[in-house]
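Read the structure below first, then the notes.
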Amino acid sequence: MSASAIFVLDLKGKVLICRNYKGDVDMAEIDHFMPLLMQHEEEGLLCPVISHGNNHFMWIKHSNLYLVATTNKNSNASLVYSFLYKLVEVFTEYFKELEEESIQDNFVVVYELLDELMDFGFPQTTDSKILQEYITQEGTKLEVAKTKVPTTVTNAVSWRSEGIKYKKNEVFIDVIESINVLVNANGSVMSSDIVGSIKLKTMLSGMPELRLGLNDRVLFALTGRDKGKTVVMEDVKFHQCVRLSRFESDRTISFIPPDGESELMSYRINTHVSPIQGCFHKISWQFKKQSVANNVEVRVPVPSDADSPKFKTSTGNAKYVPEKNLVVWTIKSFPGGKEFLMRAHFGLPSVENDEAEGKPPITVKFEIPYFTVSGIQVRYMKIIEKSGYQALPWVRYITQSGDYQLRTNV
C-alpha cells in the first residue's frame, strides 16, 4: 500500500492533524491539495487521485472533513481508499460523530489511533474493538495502557481477545439477501442478481473454532454429493478470521470468530428472478403462498403538474407526495400468489407541457422473513472449544429489496 502520510483537513484545507509514516514526501506538499481540488472542481475534472509533480493525493470527504493520503509511489489505490474508509469507521466508533469538532476535542486519542492503525505506510491493527482495549478516551488511562499491550495486537488472532466468558454460549447467524432487478415495460427481466451476506453475533467463551457448512454446489461436486438444491456463489469475500487456504482446498469455512457482531462473508449470485412484478396500477407477488413480503412500498412516479389526486386500492394505503412527484403505495403484508390493484385519478393541465418529461421507473421496497431467494442454506455450524461446552447456533433468513425497478410506458 505504502502511504507516506495521512492528513485530516477542514473544508478550507487547514490541517487539523497529520501523521508522517515514511518521510519520503515533504509534509508541505499538502498545501497544494486544496487549490488543486478547487481547480479540478471548477473545470469539472474532479477525480479521487490528484497529482502535483511526482506526488499524489488520494482523498475522501466525510462530513466537514477531508482525509488525505500522500504518496510518491505507484501505490495500490484501492487499498489506500479501503484504509481511509476504515479510518472513518474507527473514528466514528470512538467519537460517534466524525467531524471537525470531534477531531479537535480528541486530539491526543486521534494521534494515538493514527500511530497504531498504520506503521511505515502499511495498515496494522484496524479493529476498533481491539484498539479500544488499550487506547481509551481518558488521557490518564492512555498513559497506563502503554505499559501493557493486549495479546490481541501481537498474536495470530488479532480480532479476538483472550479470556472472554459468557454464562450462556450462543451464535446468531443472519443470512441476508438483497435482490437487484430491472424489469422493462413489457414485463421482461433485463437484469437481476442477488447480493448476500452472512452476519454473526457471537457470544462464545474462550477461543472457539467454528465450521460453517452451506449448500455450496462446488463443495457438493468435490465430495460427490449432488442431492438437493445447491447454489453457486460468486465474488465471495470473507472476514479476515476465515482460513482462506482451507476454503480454497476443500471449501470448508473454518474460523475463530470475532466477539460480538461481525460480517463473516458476502457473495453474489447471478440469477433470473423477479418476485414482484407490476405496471402502473397493478402489482403481483410471484412466489408461493407461504412466502409473505412485509412492509411493501411501491413508489409510482407521476407528472410534475398533476393535481387533485384520488386513490382506490384493493389493499394497503396510497399517498400522494407532491414534492417528490410520487404516489407511495404501502402494503403491510403481501402473500405469495396474490395480485393487488391501485387506481389513481389526477387532474392535468389542458395545455400540454412543451418539455417532455422522462419516464422514471416504479421502485419497490420489501422484506421477506424466513426466506432466501437463492435457496442458500446453513447446513451446519460446528462449535469446538477446548473446555467442551455446549453452544447453540440460531439461524435466521431474510430477503429484502435492493435496487428494484420496474419501467413503464406511462
Those residues of segment 314-337 which are outside any strand (DSSP E or B) and among the polar types (S, T, N, Q), in sequence order
S314, T315, N325
Condition check: open to solvent by 40 Å² or more (accessible area, probe 1.4 Å), at pLDDT 90 or above and under 17 Å from I6 (Cα atoms). Does K168 satisfy that?
no
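Within segment 89-105, identify whether any single residue is touching a Pro at 6+ places or on another chain (Cβ under 8 Å), assigned to a helix (DSSP H, G or I) and either under 30 Å from S161 (Cβ atoms) or open to solvent by less than 30 Å² (accessible area, probe 1.4 Å) (or both), and answer yes or no. Don't jump to the end; show me each part of the working.
First, the residues of segment 89-105 that are touching a Pro at 6+ places or on another chain (Cβ under 8 Å): none.
No, that holds for no residue.
For every residue, the table says whether it meets (1) open to solvent by 60 Å² or more (accessible area, probe 1.4 Å); (2) part of a helix (DSSP H, G or I); (3) at pLDDT 95 or above; (4) in contact with a strand residue (DSSP E or B) (Cβ under 6 Å, 6 or more places away or on another chain).
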| position | (1), (2), (3), (4) |
| --- | --- |
| L264 | no, no, yes, yes |
| I269 | no, no, no, yes |
| V298 | no, no, no, yes |
| P309 | no, no, no, yes |
| K312 | yes, no, no, yes |
Here are V68, V25: which of them is crowded, with 16+ Cβ neighbours inside 10 Å and in contact (Cβ under 8 Å) with a residue 60 or more places away in the chain?
V68
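The values are calculated or read from the model by the stated rules, or taken from the named source; none is laboratory data. Bear in mind the structure is a predicted one, so any value in this text is a computation, not a measurement. Here the Cβ is made from the backbone with ideal geometry for all residues, glycine too, and neighbour counts use every protein chain on show. Side chains are part of the model used for accessible areas, which takes the heavy atoms of the whole protein and leaves out ligands, DNA and RNA. Shrake-Rupley method; radii C 1.70, N 1.55, O 1.52, S 1.80 Å.
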